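Let me begin by presenting the structure, written as structure tokens, before commenting on it.
The values are calculated or read from the model by the stated rules, or taken from the named source; none is laboratory data. Bear in mind that the values here come from a model prediction, so they are computed numbers and not experimental data. In this analysis, Cβ positions are derived from the backbone assuming ideal geometry, glycine residues included, and neighbour counts consider all displayed protein chains. The accessibility values were calculated without ligands, DNA or RNA, using every heavy atom of the protein model including side chains. Shrake-Rupley method; radii C 1.70, N 1.55, O 1.52, S 1.80 Å.
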Amino acid sequence: HGRMEFMHPDDLEEVLERAPIAFVPLGTFEHHGWHLPICFDGIKAHALCERVAQRTGGAVLPTFFYGTGGGHVGYTWTLILDEQQIKPLLEQTLDHLAGQGFKVVVMLTGHYPGEQVDMVHKLATEAGRRHPGVKFIGLAEREITTPQPGDRAAGDHAAKYETSIAMAINPDWVRMD
């Protein structure tokens, strides 16, 4: 397993032989309060993909930091794009991964307003139709996080779920002061 940007061609050939899984972490540039990094959605998605790849094998692509949707468009340090700008890049990425021989492609978004989650699900479904021999999985981080008792859903924006994930993965990312 490894981070694709640091792998050599022989390393990737070995991944294709042993565990032909590609992880595509997604996030966005979005204000996450004063205690978390601006691009935290993508940072945590990448870290979670790396943790899974350590167990399963595979290659983790660099984070795609452009996301869509959500109510934070006007916030300082936020850069959210229209789906029409993002979708073609991700479609081509998925097509290339299938063409290179990956048999499972997991897109994990740490940015999860409805528009982003719907886009990721749609992209996985459509790529599966184009490449029936490849399993495409589109997930939002909140879909793999267990809600605490009394919470309607897992996941939040810069509150206990995201901060807890940051504290568990790398406490240096959180400024508790």
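Below are the figures for this structure:
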{"item": "Amide H partners (placed H, <5 Å) of V105, local residues excluded", "result": "A22, K135, F136, I137"}
{"item": "Nearest-ten-degree value, helix 83-100 long axis tilted from longest Cα axis of the chain", "result": "40"}
{"item": "Prolate/oblate/rounded label for segment 58-138 (Cα gyration tensor, a/c 1.5)", "result": "prolate"}
{"item": "Length gained when the stretch R55-V73 is fully extended (0.36 nm per residue, less Cα-Cα span)", "result": "2.9 nm"}
{"item": "Within the chain: Cβ-based charge dipole about Cα centre, in debye rounded to nearest 20 (Lys, Arg +1; Asp, Glu -1)", "result": "400"}
{"item": "Reachable lysines from K135, criterion Cα separation under 25 angstrom, eight or more residues apart if same chain", "result": "K44, K87, K103, K122"}
{"item": "Length added when fully stretched, Q100-E143, from 0.36 nm per residue minus Cα-Cα", "result": "12.7 nm"}
{"item": "C-alpha long axis of helix 9-18 to longest principal axis of the chain, angle in °", "result": "90"}
{"item": "Separation of alpha-carbon centers, segment 38-80 and segment 140-162, rounded to whole Å", "result": "16"}
{"item": "P(r) tail fraction, segment 95-177 - alpha-carbon pairs more than 17 Å apart, %", "result": "57"}
{"item": "Sites E91 and E17, calculated FRET efficiency, Cβ-Cβ separation with R0 30 Å, nearest 0.05", "result": "0.65"}
{"item": "Folded to 0 to 90 degrees: helix 40-56 orientation relative to the chain principal axis, Cα", "result": "40"}
{"item": "Kirkwood-Stokes translational diffusion coefficient of the chain, alpha-carbon pairs, 10 °C, 1.306 mPa s, µm²/s", "result": "96"}
{"item": "Solvent-accessible heavy-atom area per residue, rounded to whole Å², over the chain at 1.4 Å", "result": "53"}
{"item": "Fraction of accessible area attributable to carbon and sulfur, the chain (%, probe 1.4 Å)", "result": "54"}
